[in-house]
Structure formats: structure tokens, C-alpha cells
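The block underneath contains the structure these notes are about, expressed in C-alpha cells.
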Number of protein chains: 2
Amino acid sequence: MDRLFHALADATRRDILRRCVRSGLSVSRLAEAYPMSFAAVQKHVTVLERAGLITKRRRGRERLVHTDPGAVDRARQALGELETAWRARVDRMSGLLADDPGPDPGPEAGSGDKETTEGQDR
Amino acid sequence: MDRLFHALADATRRDILRRCVRSGLSVSRLAEAYPMSFAAVQKHVTVLERAGLITKRRRGRERLVHTDPGAVDRARQALGELETAWRARVDRMSGLLADDPGPDPGPEAGSGDKETTEGQDR
DNA sequence: TCCATCTACAACCATTTGGTTGTAAGTTAA
DNA sequence: TTAACTTACAACCAAATGGTTGTAGATGGA
């Protein structure tokens, strides 16, 4: 998770992700797009790879970079958990203001508001 | 955007966000929860504040930290933009295979959640 | 074969990061 | 006022980051 968000915390790397969502690009082609050395771009690609955000497929002497949508979705879900907790708080407040009989199959319904506050993030 | 994701790229900071979603906590209370100095936790709070992920309200001599759900949502939307581009690509491929009677409706039933897919960095 | 291209990786450097300790200032309670 | 508590911030340090250059291994084409 650290690696995932760290990889996203750089404009160049986010741009690489955008360029490689639709079709794979070789590292050389990518490097042409940025005002830095080939090796620098290669390092960015390595960071993205170790974060699981991209994979490389070889084609001839090139390595085609393409982003892994699954990893992007994983990051979104992590943020979604935070939002869910916030929404639950708002819902409680709403509940106090309205006798809402609405059928609310909440995410972790049941065990009230168990203070999860334990061990960082899995 | 850099600051936003950078702030999220640390387990301690993500934990602070979780703890402060439901109710504000003073920096001192937060600091008790981690195996590091008060000043270190204070620095983490500063990083989160500069990223717009939390705000501080003063109560007496304390400063209550509480997370800003809007900022979390902003990060999700940025990731949603990436996913949308990927989904468009999958949709094109689906179009090519549309004649296939395969019993595979695909995991992403297209018109799922409309993400705003708009302005982020740049 | 020889050459150009693409990639990988090491060594190096400046800056940032995450942590520490110490000092000072504002606020509440006695 | 004095003492305790909470916060802010500076100075310092080791390690990581983001960039550079240089060298070397594969691969494809003339």
C-alpha cells in the first residue's frame, strides 16, 4: 500500500500510467515524452512496476509497458474505505434527525461501530 | 496532487486519517497511539494538513484534527479517471468481440459508477 | 558479420523525508 | 502567579528519492 500511493505521488509516473492504459508503450517511446534521461524514466517505470501498477511484456528487443487496472482499483478501494467510515458517521447523524425506517444493509452492518483502530493497514 | 498521494503513502498517516474520520482528536491523543515522539506525529499531521486531507480546529489549548472527506474523494476521482480510460479500452475490445456468444458478461458491466473523470493535476 | 537500438544496472550527487532532541509560546487549573 | 499541559518550530542526522552519467548485455537489421 505504501508503494502503491508512493508510486502515484509523482506527476511523471501518473502521466506514464495514463499513456499506457490504452496500449503498451516501450520504455524508449515513453522516455521521448519527458525532459529527462532514459535512465530516469526507467527508474519511474521500475517504481510503478514494484507497486504493481504496471507490467512489462517483451516484444522483440522492446519491453511494452501497460498499466494494470486492477491495481488502480485497489487504491480506489482503499480510499473508499475511508469514505465509507465518514459516510457512516454522517448516516448516524442523519439517523438522529430522521426516524428513517430505510432498509440499510450497511457495509459492515451489525456489530455497531466497532472501533477498528487497530494494526495500521493490513 | 503530488502532496495528496504522498500524504497517503505512509501507514501512520493513513491510520491518523482513519482515527479522525469519526471524531476529532488532539495531536497529543494521536501521539499516544504511535511508537514515536510527539514531534514526529506532529510532522505527519502537518503533511496531512498541507495535502488538504485534514483540518485543525482549536478547542481550548488543544487542536482537534479531523479528516476532510472531500479531499479523500478528490483522490478517488483522480484514480477513477485512470480507470475510466481503461474501461473505454475494454469497451472497444468488447465491441470487437460482440458477435461472440461467450457467456462472459465481463466483470465491469460498463455503466457502473459514473466517475467524474475531470480535472486533476496538470 | 557489424552496427544501431533497446534495456538493465551501477556509481554518484543534491535534495527530501522521517525521525530525534531541545526550546519557546499559549492555555488551563491550582 | 505558578505549574502542568498542549502545541509550534528549529537544528540535526541517517536513509530514501530523483536525477545524472557511464558501462554492458540482448536483439534486430544492413
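The values are calculated or read from the model by the stated rules, or taken from the named source; none is laboratory data. What you see is a predicted model, and the numbers here were worked out from it, not measured in a lab. Glycine also receives a Cβ, built like all others from the backbone with ideal geometry; neighbour counts cover every protein chain displayed.
Among the criteria (1) surrounded by fewer than 18 Cβ atoms within 10 Å (Cβ to Cβ); (2) of a type in the set (A, V, I, L, M, F, W, C); (3) within 11 Å of DNA strand D (Cβ to nearest atom); (4) over 23 Å from A:Leu79 (Cα atoms), the one A:Val41 does not fulfil is (1). Residues that are modelled with pLDDT under 95 and more than 7 Å from chain A (Cβ to nearest Cβ) within region B:5-24 comprise B:Cys20, B:Ser23, B:Gly24, listed in sequence order. Answer with yes or no whether A:Val65 is within 16 Å of DNA strand D (Cβ to nearest atom), crowded, with 20+ Cβ neighbours inside 10 Å and over 15 Å from B:Leu82 (Cβ atoms). It is false that A:Val65 is within 16 Å of DNA strand D (Cβ to nearest atom), crowded, with 20+ Cβ neighbours inside 10 Å and over 15 Å from B:Leu82 (Cβ atoms). Name the helices (runs of 4 or more DSSP H) wholly within region A:2-79 that hold at least 3 residues that are free of Cβ contacts under 8 Å to residues at least 40 places away in the same chain? Helices (runs of 4 or more DSSP H) meeting the threshold: A:11-22, A:27-32, A:38-50.
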